[in-house]
1. Just one of (1) modelled with pLDDT under 95; (2) within 29 Å of I226 (Cα to Cα) trips up T119, so point out which.
2. Scan region 26-53 residue by residue and report those that are out of contact with any strand residue (DSSP E or B) (no Cβ under 6 Å at 6 or more places or on another chain), touching a residue at least 40 places away in the same chain (Cβ under 8 Å) and within 17 Å of R95 (Cα to Cα).
3. Does K48 count as charged (D, E, K, R), closer than 18 Å to V223 by Cα, at pLDDT 95 or above and surrounded by fewer than 20 Cβ atoms within 10 Å (Cβ to Cβ)?
4. Scan the strands (runs of 3 or more DSSP E) fully inside region 54-145 and keep the ones with 2 or more residues being surrounded by 20 or more Cβ atoms within 10 Å (Cβ to Cβ) and in contact (Cβ under 8 Å) with a residue 24 or more places away in the chain.
5. Would you check which residues across region 202-248 are closer than 23 Å to H70 by Cα, touching a Leu at 6+ places or on another chain (Cβ under 8 Å) and part of a helix (DSSP H, G or I) and list them?
6. Of everything in region 7-53, what is among the hydrophobic types (A, V, I, L, M, F, W, C) and under 17 Å from L163 (Cα atoms)? Give them in sequence order.
7. Mind counting the residues in region 202-233 that are surrounded by fewer than 13 Cβ atoms within 10 Å (Cβ to Cβ) and either in contact with an Asp or Glu (Cβ under 9 Å, 6 or more places away or on another chain) or charged (D, E, K, R) (or both)?
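The values are calculated or read from the model by the stated rules, or taken from the named source; none is laboratory data. Computed from a predicted structure; not experimentally measured. Neighbour counts are summed over all protein chains in view; Cβ atoms, including those assigned to glycine, are modelled from backbone coordinates with ideal geometry.
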Amino acid sequence: MKVLILGVGDAFTYRSFGTSAVVQGSQGPVLLDCPDLIHRALFEGSLKSNWEVDVGTVDDVIITHLHGDHCNGLESYGFAKLVNRLMGKSKVMPRLWTHPGAAARVWERLAPAMDAPLTKGGRKSELRDYFDLRLIEPNMTSMIQGLAVECRYTIHSIPTIGLKLTDGKGSLGWSGDTVYDQAHIDWLSSCDVIVHEANLGPVHTNIETLNSLPEAIRRKMRVTHIVDNFDPDCTDIKPLVEGELIEI
């Protein structure tokens with residue numbers, strides 16, 4: 001399994017892309033969250049990693065929650081995939097994977113920009129014109145591009161999930177946005193690499209709490225969703241870097 005880190009920033013960053021990544025499954029790539037400037041994030045990540053990946057090659061997106069720094073890119077992603085289909089470059093309807101709470105409201109976010117008729121005099125567009133919506137829920141395993149994906153709800157200000165992904169050889173834990181939650185850490189701890197958020201405020205996990213974890217957990221943990229002035233010397237847990245390619 002290889003993981004391309006696209007963004008490590010939070011909602012207020014002026015230096016980074018929103019926290020996101022591409023995970024390569026045996027059948028294709030999967031995008032983890034879809035922040036603003038997703039086309040540029042993929043372009044720059046490809047240049048830095050020498051792994052050629054763009055919107056045209058990514059047909060599966062997992063959205064952890066509906067805060068804008070994690071899903072604002074869905075509009076331009078959806079339009080780009082539609083144009084590719086209309087031009088005959090692809091026949092694939094992109095699959096949008098998320099939990100029921102986000103699935104019920106994602107079109108509320110997208111409709112004001114995307115519900116215009118696709119043909120003159122036609123009906124208003126709907127989510128199904130852009131995405132094949134798929135549900136992922138706790139206590140079930142979803143197969144996405146050859147990856148077995150499990151999810152767990154986190155403790156955040158809106159419904160949010162963390163993820164565990166495996167190709168049968170390596171495994172990635174992705175905390176999602178969350179306050180510090182030892183049960184969530186325990187759930188992620190079976191993974192070979194754990195990516196955990198380390199942000200500020202009452203709905204995030206501050207780095208000091210992660211620093212108190214056992215060394216065996218910290219050794220396989222990386223932090224993301226960090227503030228622009230994050231001090232890497234405040235922890236022995238290495239921050240992720242945009243464009244970094246992780247082999248698991």
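1. For T119, the exception is condition (2).
2. S26, Q27, G28
3. no
4. Working: elements: 60-62, 95-98, 132-135, 142-144.
Those strands (runs of 3 or more DSSP E) span 60-62, 95-98.
5. If the condition is that a residue be closer than 23 Å to H70 by Cα, touching a Leu at 6+ places or on another chain (Cβ under 8 Å) and part of a helix (DSSP H, G or I), then no residue fits.
6. Once the filter is applied, which keeps residues that are among the hydrophobic types (A, V, I, L, M, F, W, C) and under 17 Å from L163 (Cα atoms), region 7-53 yields V8, A21, V22, V23, V30, L31, L32, C34.
7. The first filter runs over region 202-233 and keeps only residues surrounded by fewer than 13 Cβ atoms within 10 Å (Cβ to Cβ), leaving 202, 208, 212, 214-216, 219, 228-229, 231-233.
Still in the list and also either in contact with an Asp or Glu (Cβ under 9 Å, 6 or more places away or on another chain) or charged (D, E, K, R) (or both): 208, 215, 219, 228, 231, 233.
Summing the residues that are surrounded by fewer than 13 Cβ atoms within 10 Å (Cβ to Cβ) and either in contact with an Asp or Glu (Cβ under 9 Å, 6 or more places away or on another chain) or charged (D, E, K, R) (or both) in region 202-233 gives 6.
Each row is one residue, and each column tells you yes or no for (1) of a type in the set (S, T, N, Q); (2) farther than 25 Å from D10 by Cβ; (3) under 18 Å from the mean Cα position of the chain (by Cα).
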position: H65; (1), (2), (3): no, no, yes
position: G68; (1), (2), (3): no, no, yes
position: N72; (1), (2), (3): yes, no, yes
position: N84; (1), (2), (3): yes, yes, no
position: A111; (1), (2), (3): no, yes, no
position: M114; (1), (2), (3): no, yes, no
position: L135; (1), (2), (3): no, yes, yes
position: N139; (1), (2), (3): yes, yes, no
position: V149; (1), (2), (3): no, no, yes
